[in-house]
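A.B. asks: Take this structure, written in structure tokens, and hold onto it; I'll ask about it next.
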Amino acid sequence: MDLCEQSPSYVRAIAPYQPGKPISELAREMGLKEKKIIKLASNENPLGVSPKAKSAIKKAIAELGRYPDGNAFDLRVALAKRYGVPEECIVVGNGSNDLLEMAAAVFLGPGRSAVYSQHCFAVYPLATQSRGARSIVVPAKNYGHDLEAMAAAIAPDTRVVFIANPNNPTGTFVPGGELEAFIARVPRETAVVVDEAYTEYLPRELRYDSVGWLAKHPNFILTRTFSKVYGLAGLRVGFGFMQPAVADLLNRVRQPFNVNSLALAAATAALGDRKFVAKSTQMNRTGLVRLVRALRTLGLETIPSCANFVTFRVLHAKAVYEKLLRQGVIVRPLAGYEMPDHLRVTVGTPGENERFLKALETALD
Ligand SMILES: Cc1ncc(COP(=O)(O)O)c(C=O)c1O
């Protein structure tokens with residue numbers, strides 16, 4: 001037997017995460033200039049890094065010779081103040097992805113299961129499988145979460161339920177009241193991880209106070225990120241709110257210096273850059289309306305989205321994806337999400353949206 005065969009079979013069975021194609025890779029493959037390529041494949045903020053975060057990063061460079069603050073003191077204080085959550089309830093992560101992994105490490109393992117939906121964010125199956133836990137995948141309803149079916153699917157050995165709201169890659173949304181009613185039904189020995197990576201993009205009338213649920217539901221874990229509206233995807237920083245006892249467990253499995261110094265400084269500054277967040281969400285709203293309208297005019301069915309992307313159904317999705325690549329436009333194919341006839345496009349700047357639409361028209365010809 002060779003070394004690789006010594007790895008647990010559940011690790012060897014994992015299908016690796018497929019990220020959006022990087023601009024540099026497409027440039028190499030197609031001989032295109034990087035500047036001519038637009039990437040609308042990973043739901044990043046098309047405005048890039050907020051000005052306040054940029055200047056904080058510049059300042060923090062001077063201290064890069066030192067380890068970061070392993071307790072993320074400044075960022076946790078800023079988050080505590082902003083959300084009215086005690087500091088001991090806050091755990092920071094190398095992206096919110098890190099928090100999802102920590103929750104899995106703490107609560108899952110062989111002989112345990114996690115419940116999540118069909119078409120869910122790809123990290124939930126990865127985090128579950130890598131712990132040797134069983135996946136209970138609940139069929140989606142209209143591409144979104146079927147909370148009734150999810151509640152019914154919870155088994156005696158279920159220790160984590162993962163829900164993204166809005167969901168990626170479908171953009172679907174569960175109203176706050178329904179989500180809280182669901183959490184209240186879940187047995188207390190099962191953690192409900194609500195992943196709100198896109199929450200800042202919700203229109204005002206759909207917003208809900210999930211932070212306020214912490215005091216009521218001891219098994220509730222809320223995760224958020226600086227990768228989307230805050231424009232810091234490349235630095236990797238996210239955070240989670242939970243009961244102090246749960247935070248204590250996550251901190252035991254957390255790598256000692258999981259969030260780097262530049263990320264800590266940038267995130268703390270970005271949190272205070274409300275102007276940038278408002279500009280980003282406003283641009284997203286206009287862009288989303290424009291994309292949805294134009295896709296429908298092209299005769300394509302779109303899934304109603306509450307996030308910074310829209311998923312649409314198109315004949316020969318793989319071929320269309322490749323035709324877009326040849327024109328220097330990167331979107332996301334969704335075959336890995338059991339949606340082989342769909343593509344997902346991130347809302348870009350107005351110019352990027354128009355370029356995508358023009359390229360799509362050409363690809364559909
Ligand atoms: C639903 C959802 N959760 C979590 C993440 C992870 O983001 P990050 O690790 O950059 O915070 C993403 C990224 O695309 C996402 O779509």
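A.B. asks: Give me the percent of accessible area attributable to carbon and sulfur for the chain, probe 1.4 angstrom.
C.D. replies: 54 percent
A.B. asks: So what are the ³J(HN,Hα) numbers for region 138-148, from phi and the Karplus equation (6.51, -1.76, 1.60; θ = phi - 60°), rounded to whole Hz, Gly and Pro as x?
C.D. replies: In residue order, the calculated couplings are 9, x, 6, 10, 6, 6, x, 6, 9, 5, 4 Hz.
A.B. asks: What accessible area per residue, rounded to a whole number of Å², is obtained for region 120-279 using a probe radius of 1.4 Å?
C.D. replies: On a per-residue basis, region 120-279 sits at 38 Å².
A.B. asks: While we're on this one: Semi-axes of the equivalent ellipsoid of region 15-156: what are they in whole Å, largest first, if each equals the square root of 5 times a C-alpha gyration tensor eigenvalue?
C.D. replies: Semi-axes, largest first: 32, 26, 16 Å.
A.B. asks: Could you give the dipole magnitude of region 213-365 about its Cα centre, charging the beta-carbon of Lys and Arg +1 and that of Asp and Glu -1, in debye to the nearest 20?
C.D. replies: The dipole of region 213-365 has a size of about 320 debye.
A.B. asks: How much accessible area per residue does region 1-93 have, counting only protein heavy atoms and a probe of 1.4 Å, in square angstrom?
C.D. replies: Here the per-residue accessible area is 67 Å².
A.B. asks: Would you work out which of SER130, ILE38, TYR198 lies farthest towards the positive end of the dipole of the chain, given +1 charges on the beta-carbon of Lys and Arg and -1 on that of Asp and Glu, about the Cα centre?
C.D. replies: ILE38
A.B. asks: Could you rank THR128, THR297 by how accessible they are, 1.4 Å probe, largest area first?
C.D. replies: If we order THR128, THR297 from most to least accessible, we get THR297, THR128.
A.B. asks: Collect residues whose amide H, placed 1.01 Å from N in the peptide plane, falls under 5 Å from the amide H of ASP195; neighbours closer than 5 in sequence don't count.
C.D. replies: It is ILE163, ALA164, ASN165, THR223, by chain and number.
A.B. asks: Could you tell me whether the chain comes out rounded, prolate or oblate from its Cα gyration tensor? Rule is a ≥ b ≥ c as square roots of the eigenvalues, rounded for a/c under 1.5, then prolate if a/b exceeds b/c, otherwise oblate.
C.D. replies: Cα axes put the chain in the rounded bin.
A.B. asks: Taking θ as phi - 60°, what are the ³J(HN,Hα) couplings along region 170-179 by the Karplus curve (6.51, -1.76, 1.60), each to the nearest whole Hz, with x for Gly and Pro?
C.D. replies: 9, x, 6, 9, 10, x, x, x, 5, 5
A.B. asks: Leaving ligands and nucleic acids out of the surface, order THR158, THR362 by accessible area at 1.4 Å, largest first.
C.D. replies: Largest accessible area first, the residues go THR362, THR158.
A.B. asks: Ignoring ligands and nucleic acids, what accessible area does HIS316 show with a 1.4 Å probe (Å², nearest 10)?
C.D. replies: 130 Å²
A.B. asks: If the elastic network links every pair of Cα atoms under 10 Å, which of GLY231, GLY20, GLY348 fluctuates the most in the Gaussian network model of the chain?
C.D. replies: Highest fluctuation among the options: GLY20.
A.B. asks: Then there is this: Return the loop-located trypsin sites (Lys or Arg not before Pro) in region 199-263 (DSSP other than H, G, I, E, B) with at most 14 other Cβ atoms within 10 Å of their own Cβ; answer none if there are none.
C.D. replies: Counting only loop positions with at most 14 other Cβ atoms within 10 Å, the trypsin sites (Lys or Arg not before Pro) in region 199-263 are ARG207, LYS216.
A.B. asks: Amide H to amide H under 5 Å from LYS141: which residues, 5+ apart in sequence or cross-chain, H placed 1.01 Å off N in plane?
C.D. replies: ASP146
A.B. asks: Next question. When only the heavy atoms of the protein chains count and the probe is 1.4 Å, how do ARG185, ARG76, ARG66 rank by accessible area, highest first?
C.D. replies: The ranking, largest first, comes out as ARG66, ARG185, ARG76.
A.B. asks: Just to be sure I understand the model, the point goes 7 Å from the Cα along the line to the Cβ. What's the resulting ARG252 to LYS33 distance in nm?
C.D. replies: 5.6 nm
A.B. asks: Continuing with this model, one more query. Could you give the radius of gyration (one decimal) and Dmax (whole number) of the Cα atoms in region 221-365, in Å?
C.D. replies: Calculated on Cα positions, Rg and Dmax stand at 18.6, 58 Å.
A.B. asks: Just to check I understand the Karplus step: with θ = phi - 60° and J = 6.51 cos²θ - 1.76 cosθ + 1.60, what whole-Hz values come out for region 82-95, glycine and proline as x?
C.D. replies: 5, 9, x, 10, x, 4, 6, 8, 10, 10, 9, x, 7, x
A.B. asks: For a quick size check, give me the Cα extents of region 131-284 along its three principal axes, largest first, whole Å.
C.D. replies: Principal extents (Cα only, largest first): 44, 38, 29 Å.
A.B. asks: Springs between alpha-carbon atoms under 10 Å, Gaussian network over the chain: tell me which of VAL310, VAL85, VAL193 tops the mean-square fluctuations.
C.D. replies: Comparing VAL310, VAL85, VAL193 in a Gaussian network model of the chain, the most mobile one is VAL85.
A.B. asks: Going down the table (LYS36/LYS318; LYS141/LYS279; LYS35/LYS81; LYS275/LYS323; LYS52/LYS216; LYS39/LYS81), which pairs top 29 Å between alpha carbons?
C.D. replies: Checking Cα-Cα distances, LYS141/LYS279; LYS35/LYS81; LYS275/LYS323; LYS52/LYS216; LYS39/LYS81 exceed 29 Å.
A.B. asks: Between PHE121, PHE162, PHE73, where does the largest GNM mean-square fluctuation fall for the chain, given springs only between Cα atoms within less than 10 Å?
C.D. replies: Checking each option, the largest mean-square fluctuation is seen for PHE73.
A.B. asks: Divide by every residue of the chain the summed helix terms, -39500 (n - 2.57) for each DSSP H run of at least 4, and state the resulting mean residue ellipticity at 222 nm, rounded to the nearest 500 deg cm²/dmol.
C.D. replies: -11500 deg cm²/dmol
A.B. asks: Kindly provide the pair-distance distribution of region 270-351 built from C-alpha pairs, with 5 Å bins from 0 and whole-percent values in order of increasing distance.
C.D. replies: Result, from short to long distances: 3, 14, 22, 23, 17, 10, 6, 4, 1 percent.
The values are calculated or read from the model by the stated rules, or taken from the named source; none is laboratory data. Owing to the predicted nature of the structure, the values given are computational and were not obtained by experimental measurement. Glycine also receives a Cβ, built like all others from the backbone with ideal geometry; neighbour counts cover every protein chain displayed. Remember, those area values only see protein heavy atoms, side chains included, never the ligands or the DNA or RNA. Shrake-Rupley method; radii C 1.70, N 1.55, O 1.52, S 1.80 Å.
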